[in-house]
1. Out of segment 168-238, which GluC sites (Glu not before Pro) are coil in DSSP terms and have no more than 15 other C-beta atoms within 10 Å?
2. Mind checking Rg over Rh on segment 51-181, alpha carbons, Kirkwood formula for Rh?
3. Which of the chymotrypsin sites (Phe, Trp or Tyr not before Pro) found in segment 188-266 are loop residues per DSSP with 16 or fewer other Cβ atoms within 10 Å of their Cβ?
4. Separation between the Q131 and L97 pseudo-spin-labels, each 7 Å from Cα along Cα→Cβ, expressed in nm?
5. Considering only DSSP beta bridges whose two residues both sit in segment 56-278, what percent are antiparallel, to the nearest 5?
6. Measuring from label point to label point, each 7 Å out along Cα→Cβ, what is the R179 to T257 span in nm?
7. For M153, what accessible area in Å² do you get when you roll a 1.4 Å probe over the heavy atoms of the protein chains, rounding to the nearest 10?
8. Debye calculation, C-alpha points only, no solvent: report log10 I(q)/I(0) for segment 56-278 at q = 0.12 Å⁻¹, in the same order as the q values.
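The values are calculated or read from the model by the stated rules, or taken from the named source; none is laboratory data. Treat the numbers as computed from the prediction; the structure is a model and nothing was measured. Quick reminder, even Gly has a Cβ in these numbers, built from the backbone with ideal geometry, and neighbours come from all protein chains shown. Ligands, DNA and RNA are stripped out before the accessible areas are found, and what is left, the full protein with its side chains, is counted by its heavy atoms. Shrake-Rupley method; radii C 1.70, N 1.55, O 1.52, S 1.80 Å.
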Amino acid sequence: MCLAAAASAFSSSRCLSPSSSSALPRRFLHHLLAAPPPPPPLRCIPFHRMAQFWTQGSLDKNKALVEYLKQYGAVRTDKVAEVMESIDRALFVAEGLTPYTDSPMPIGYNATISAPHMHATCLELLKDHLQPGMHALDVGSGSGYLTACFAMMVGPEGRAVGIEHIPELVAASTDNVQRSAAAQLLKDGSLSFHVADGRLGWPDEAPYDAIHVGAAAPEIPQPLVDQLKPGGRMVIPVGSYFQDLQVVDKNDDGSVTVRNDASVRYVPLTSRSAQLQDS
């Protein structure tokens, strides 16, 4: 549940490129001055200021949103484009909000549905680990959108598991998916949602080829590493105020390799009581 494009992040977060601490501000200034701005040749997300630039207006169709993300390099492969087109974001966003704007949206209980460019980023990072028949875990599944995308990618012979510690969100995500293209997968049991502490994972369907964590942990939870299959990949935001989207690859010998993909801003991965204390 990413706040990468939230207004508070614009004023208080550093937006650093993984390759250069100064490149992003220069690119952003170029976009402000150019009219119209050309699509950048390389992936330019998930940086907060660039996300702010993208959110000037709402796209009225799900496919148009995906085309928009393709233009700006967030969606880079046909596989990710197809699944994002098949799962209509509007079904996972509350009525009255603008589902096709590239921005996070509140879903209640101090939780959000991530901005589309963050969904695209994580799907691109995990796509090779979301092949038919594979197992995927979505920690902090929230609205259920990304879990539904996982289910579509791993198919009926795979498993897509969403865990969320707010029972009301689990109920809402189930309702959302029942209206989506992933409804049959939910009915057949290859897609499921559970009330659980995401920091502990979901051992019942482990090991997982892909794990996505939708909230920022102060450090990578060991139970999630333990449930990651050798050859598998986890994508997780790590940090408190300043956060990095980390890519964790598990090697055949059980060791892990960790790299930073980008600077991001997510809600914290915490207990149910801590999350609800300001509700």
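1. On the way: sites: E168, E205, E219; in loops: E219.
Sparse-neighbourhood loop GluC sites (Glu not before Pro): E219.
2. Values: Rg = 13.8 Å, Rh = 14.7 Å.
Rg/Rh for segment 51-181 comes to 0.94.
3. Details: sites: F193, Y208, Y241, F242, Y266; in loops: Y241, F242.
When the chymotrypsin sites (Phe, Trp or Tyr not before Pro) of segment 188-266 are filtered for loop state and at most 16 Cβ neighbours within 10 Å, Y241, F242 remain.
4. So the two model labels end up 3.5 nm from each other.
5. On the way: 18 of 38 bridges.
Here the share of antiparallel DSSP bridges comes out near 45 percent.
6. 4.3
7. Surface open to solvent at M153 totals about 20 Å².
8. Each listed q maps to, in turn, -0.57.
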